[in-house]
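The values are calculated or read from the model by the stated rules, or taken from the named source; none is laboratory data. Since this is a predicted model, take the numbers as computed values, not measurements. Reconstructed Cβ throughout: ideal geometry from the backbone, glycine too, with neighbour counts over all protein chains shown. Note: accessible area is taken over every heavy atom of the protein model, side chains too, but ligands, DNA and RNA are not part of it. Shrake-Rupley method; radii C 1.70, N 1.55, O 1.52, S 1.80 Å.
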Amino acid sequence: MHCPFCRHPDTRVIDSRSTEDGSAIRRRRACPECERRFTTQEAVLLMVVKRSGVTEPFSRNKIIAGVRRACQGRPVTEDALAKLGQQVEEEIRDKGVAEVPAQEIGLAILEPLRELDEVVYLHFASVYRGFESVADFEEEIAKLRGDRDDPGEHS
């Protein structure tokens, strides 16, 4: 780690602490050259594997932006979108893997989206579950209606 002040190539770690949510580590460092101190934060990068095989860093903001576009014209608040993004990120990170296929992220969006807006949920489900006919929509709508009648069950 280079010192941000004098660019000396070696710094010493004085203290390390985990962030509140445990997703990163803060390190207090000192430069042996200029003797100044600074803080760094290290976080594990979660990578998304696209269908093409290309990988890119996971982005909660990208999930929120995609769901926001899908929700245009629907009564969905920014707070609700932020909460959905957080739920999806937590679910993906809880898997404990360094790389996750984009398809799994799409599927992870479905449950919180179902709670948020059923119309947008149907659209997402049709893409990520590969609906091929009107019958697939009818089956999913029947499940939604059944869940309303029996709120304790989700498939």
Helix-only mean residue ellipticity at 222 nm for the chain, each DSSP H run of n ≥ 4 adding -39500 (n - 2.57), per residue, nearest 500: -14500 deg cm²/dmol
Using alpha carbon centroids, what distance separates the range 1-68 and the range 73-148, in Å? 30 Å
Rounded to 10°, Cα long-axis angle of helix 102-116 versus longest principal axis of the chain: 60 degrees
Starting from the amide H of Ala24, placed 1.01 Å from N in the peptide plane, find each other amide H under 5 Å away whose residue is 5 or more places distant or on another chain. Thr19
Considering the dipole of the chain built from charges on the beta carbon (Lys and Arg +1, Asp and Glu -1) around the Cα centre, which of Tyr121, Gln41, Ile14 is farthest to its positive end? Ile14
Using the crude model of +1 on Lys and Arg Cβ and -1 on Asp and Glu Cβ, and no other charge, please compute the dipole size for the chain relative to its Cα centre, in debye to 20. 1160 debye
Neighbour-limited loop hits for GluC sites (Glu not before Pro), the range 1-47 (at most 15 other Cβ within 10 Å; DSSP other than H, G, I, E, B): Glu20, Glu33, Glu35
Computed over the chain, the relative contact order (Cα-Cα under 8 Å, seq sep at least six) in percent reads 13 percent
Given a 1.4 angstrom probe, what's the average accessible area per residue across the range 43-152, in square angstrom? 62 Å²
I'd like the orientation of helix 78-94 relative to the chain: the angle between its Cα long axis and the longest Cα principal axis, in ° from 0 to 90, rounded to 10. 70 degrees
For the chain, what does the equivalent ellipsoid look like in terms of its semi-axes, each the square root of 5 times an eigenvalue of the Cα gyration tensor, given largest first in whole Å? 43, 16, 14
Do any trypsin sites (Lys or Arg not before Pro) in the range 1-97 lie in a loop, going by DSSP, with at most 12 other beta-carbon atoms within 10 Å of their beta carbon, and if so which? Arg7, Lys50, Arg51, Lys95
Taking θ as phi - 60°, what are the ³J(HN,Hα) couplings along the range 60-77 by the Karplus curve (6.51, -1.76, 1.60), each to the nearest whole Hz, with x for Gly and Pro? 4, 4, 5, 5, 4, 4, x, 5, 4, 4, 5, 8, 3, x, 9, x, 10, 8
Keeping all protein chains in place and using 1.4 angstrom, which order do Met47, Met1 fall into by accessible surface area, from largest down? Met1, Met47
Keeping all protein chains in the complex and leaving out DNA, RNA and ligands, what accessible area do you get for Leu45 with a 1.4 Å probe, in Å² to the nearest 10? 120 Å²
